[in-house]
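The structure appears below as structure tokens.
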Amino acid sequence: MATPTSVLVREMASGLVRIALEKKKKKQGVKLLEEGVWRSYCNGKKCGYALRRECGEAEWKVLQAVAPITMGAGVLPAATTAGEVEKEEGGGEGELMYMRARFERVVGSKDSEAFYMMNPEDGSGGPELSLYLLRA
């Protein structure tokens, strides 16, 4: 997504975050999660595009580094594998912010799905982060 992590963290600190990814229906037979380019919105504001991409070697190293973590957020130092991902993406050799959580998946139709991040520590039981995939 084109939204910087710092903006997403600031939005989450202020309350609920809703991310919508929209795709105009063009191809027949393409599964929703296999679409390549999406128009993205964060809390109703256009924020550019999101791209589907495959994990490379550096991304797999980061996923292995956070594998033992079941829930929570934090920062991986540049000394771990995070610096490699940022080098490949043209960024600096800094830290990498991560968030691990349990998501509930709701399939509305073949053209709509939602993922809700559930926080068991929150008394309300509602989602903090909602991700919607819509194809029109």
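Quick look at the numbers
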quantity	calculated
Anchor LYS110: lysines whose Cα lies under 27 Å away (excluding residues fewer than 8 positions away in-chain)	LYS23, LYS24, LYS25, LYS26, LYS27, LYS31, LYS45, LYS46
Full-extension gain in nm, VAL9 to GLU54, via 0.36 nm per residue minus C-alpha separation	13.8 nm
Estimated FRET transfer efficiency when R0 is 22 angstrom, pair ALA67-ARG102 (beta carbons, to 0.05)	0.90
Per-residue HN-Hα couplings for the range 6-17 [Karplus 6.51, -1.76, 1.60; θ = phi - 60°; Hz; x = Gly/Pro]	4, 5, 4, 5, 4, 4, 5, 5, 8, x, 5, 10
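We did not get these values from a lab; they are worked out from the coordinates using the rules stated. The structure presented is a predicted model; accordingly, all values stated were derived computationally and were not measured. Please note: Cβ atoms are built from the backbone with ideal geometry, for glycine as well, and neighbour counts cover all protein chains shown.
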